[in-house]
Amino acid sequence: MSEEINVQETAAEPVADTVSQDALENVVTLKKGDTVKGTVVKIDDNQAYVSLGYKYDGVIPLRELSSVNIDNAAEAVQIGQEVEAKIVSINDAKESLVLSKRQADAPRAWDELQAKSDNGEAFEVVITDVVKGGLVADVGVRGFIPASMVERHFVEDFSSYKGRTIKVKVKEIDRENNKVILSAKDVLEAEYEEKKQQIMSSLEPGQVLEGKVQRLTPFGAFVDIGGIDGLVHVSEIAWQHVAHPADVVSEGQDVKVKVLKVDPSIGKISLSIKAAQPGPWESAVGQFNIGDIVTGVVKRLVSFGAFVEIAPGVEGLVHISQIAHRHIATPHEVLKEGQEVQAKVLDFNPAEKRVSLSIKETEEAPARPEREARAPRAPREESNLPPAESMSFNLGERFGDKLSKFK
């Protein structure tokens, strides 16, 4: 009985050796073009090693790790990560097994991108590179985000975007020409519009809110009031005249604004910075008194006088009779717009927004020239003519007979 057992054990030994050798050498059968799965076991700067359960590990070169340009293999994979790759070449004699993760990713990526495009789905990508004209992301294939489709606003420098994760939508897909255009702006616009409608429904004219200046244009300033922008027209920035918004406010500045109008149908919010501040006439209360001498700037000249600004938004009238001590036909004879003048406050009524001023009362009246003394009358010369009576007598005597004919 014991011999029989030994025979059986002896006979079984060669079989066991054969199975062990097969297990070691023929666990996996591979050929060029196969798509395989494996685990990243080692990473060098320019390649990654993948264990497939084969006699030796496969190598994925840097250029085959990603569909976009990368500087280091660690940018694409990590140790312990399971990857799918396509066999590019295999040489058992040299124990060379070259793999391509990029070629394995591409077909599946195109299908997924097409589905996302059809559904208008938003998804996250990591920016792998900043190039001229935009950003690049690895989406299984090379995805390009044009500069105009990164943000809702203009961006001058994109250098800080590399490595960032942003949400995008497929804008254009062309599998035949290996072209994928992505847009982050579309996602931001959709989110913005949704938030805008929510906020607009809660806004009412007259509300005073805190905001931040987002951007400036020649016609006004766009102010963020909690995730959405409202327009402060240039005429609503300050109580005084503003040539350009940049003269008064700057981007990033915190401001207080008053809601003037809300129009959800066109998504327009009109705001005012000046209306959220005390008016110039309110501020002027207690600042000016009758009899004060003030400095102002001539703002407008009219036929009956000149309007002089004595404080931002506060203008007083200098009547033409109060411009100069001498008589003038028009204010233009003495003044010009933009001229700085001294004026005396004759009347100040902030409730009625009225100030009466005088320029001439700040100046000394010129002395009147003295009248020239009359020259003494010349003495009467003695007349040699006879007195009127004698003249009358002599004429009567002389022409009496002739005059009688006319009676």
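Just name the residue that is nearest to the chain's Cα centre (by Cα) out of those in region 251-271 that are open to solvent by 60 Å² or more (accessible area, probe 1.4 Å) and farther than 14 Å from V208 by Cα.
Keep residues of region 251-271 that are open to solvent by 60 Å² or more (accessible area, probe 1.4 Å), which gives 251, 253-254, 256, 258, 260-261, 264-266, 268.
From the residues that got through so far, the ones that are farther than 14 Å from V208 by Cα too are 251, 253, 264-266, 268.
Working: E251: 7, Q253: 12, P264: 22, S265: 23, I266: 20, K268: 16 Å.
Only one residue fits best here, namely E251.
Please pick out the residue among G286, G305, G313 that is small (G, A, S) and in contact (Cβ under 8 Å) with a residue 40 or more places away in the chain.
G313
If V345 satisfies all but one of (1) hydrophobic (A, V, I, L, M, F, W, C); (2) within 30 Å of L209 (Cα to Cα); (3) in contact with a Ser or Thr (Cβ under 8 Å, 6 or more places away or on another chain), what's the number of the condition it fails?
(2)
Going by what's in this entry, would A190 be described as under 21 Å from the mean Cα position of the chain (by Cα), over 27 Å from G134 (Cβ atoms) and either hydrophobic (A, V, I, L, M, F, W, C) or open to solvent by 60 Å² or more (accessible area, probe 1.4 Å) (or both)?
No.
Tally the residues that are open to solvent by 60 Å² or more (accessible area, probe 1.4 Å) and either of a type in the set (D, E, K, R) or touching a strand residue (DSSP E or B) at 6+ places or on another chain (Cβ under 7 Å) (or both), restricting the search to region 159-184. Give the derivation first.
So in region 159-184, the residues open to solvent by 60 Å² or more (accessible area, probe 1.4 Å) come out as 159-160, 162, 164-165, 167, 171-172, 175-179.
Subset that is either of a type in the set (D, E, K, R) or touching a strand residue (DSSP E or B) at 6+ places or on another chain (Cβ under 7 Å) (or both): 159, 162, 164-165, 167, 171-172, 175-176, 179.
So the answer is 10.
Could you tell me whether region 125-146 includes any residue that is open to solvent by 90 Å² or more (accessible area, probe 1.4 Å) and closer than 30 Å to A73 by Cβ?
Residues of region 125-146 that are open to solvent by 90 Å² or more (accessible area, probe 1.4 Å), as a first pass: 132, 142.
Next, only the ones that are closer than 30 Å to A73 by Cβ stay: 132, 142.
Yes, region 125-146 has at least one match.
Kindly list, by first and then second residue, each pair from a residue in region 192-217 that is without any contact (Cβ under 8 Å) to a residue 40 or more places away in the chain to a residue that is of a type in the set (A, V, I, L, M) and part of a helix (DSSP H, G or I), limited to pairs with Cβ atoms under 6 Å and residues at least 6 apart or on different chains.
As it stands, the answer is L216/A246, since those pairs meet every condition given.
Looking at region 201-212, can you tell me whether even one residue there is under 16 Å from the mean Cα position of the chain (by Cα) and either in a strand (DSSP E or B) or at pLDDT 95 or above (or both)?
yes
Going by the structure shown, is L231 farther than 22 Å from P280 by Cβ, without any contact (Cβ under 8 Å) to a residue 40 or more places away in the chain and in a strand (DSSP E or B)? Steps first, please.
Numbers: farther than 22 Å from P280 by Cβ: yes; without any contact (Cβ under 8 Å) to a residue 40 or more places away in the chain: no; in a strand (DSSP E or B): yes.
So L231 does not fit the description; no.
Scan region 312-330 and tell me whether some residue there is within 41 Å of the chain's Cα centre (by Cα) and among the polar types (S, T, N, Q).
No, the conditions are met nowhere in region 312-330.
Quick one: would you say Q198 is open to solvent by 50 Å² or more (accessible area, probe 1.4 Å), more than 30 Å from A351 (Cβ to Cβ) and of a type in the set (S, T, N, Q)?
yes
I'd like the full set of residues that are in a loop (DSSP other than H, G, I, E, B), of a type in the set (V, I, T) and in contact (Cβ under 8 Å) with a residue 24 or more places away in the chain, limited to region 23-70.
Selection gives V27, V28, V68, I70.
Mind counting the residues in region 324-363 that are outside any strand (DSSP E or B), among the hydrophobic types (A, V, I, L, M, F, W, C) and either in contact with a Phe, Trp or Tyr (Cβ under 6 Å, 6 or more places away or on another chain) or open to solvent by less than 50 Å² (accessible area, probe 1.4 Å) (or both)?
4
Quick one: in region 292-309, which of the residues that are open to solvent by 20 Å² or more (accessible area, probe 1.4 Å) and of a type in the set (V, I, T) is nearest to V242 (Cα to Cα)?
V297
Filter region 111-122 for residues that are among the hydrophobic types (A, V, I, L, M, F, W, C) and over 33 Å from the mean Cα position of the chain (by Cα); which is most open to solvent (accessible area, probe 1.4 Å)?
Result: A115.
Out of R108, R152, report the one residue that is under 22 Å from N177 (Cα atoms), open to solvent by 40 Å² or more (accessible area, probe 1.4 Å) and not acidic (D, E).
After ruling out the rest, the residue left standing is R108.
So is P312 in contact with a helix residue (DSSP H, G or I) (Cβ under 7 Å, 6 or more places away or on another chain) and farther than 22 Å from N289 by Cα or not?
In short, no.
The values are calculated or read from the model by the stated rules, or taken from the named source; none is laboratory data. What you are looking at is a predicted structure, and each value in this text was computed from that prediction instead of being measured. Every residue, glycine among them, receives a Cβ derived from its backbone with ideal geometry; neighbour counts consider all protein chains shown. Heavy atoms of the whole protein, side chains included, go into the accessibility calculation; ligands, DNA and RNA do not. Shrake-Rupley method; radii C 1.70, N 1.55, O 1.52, S 1.80 Å.
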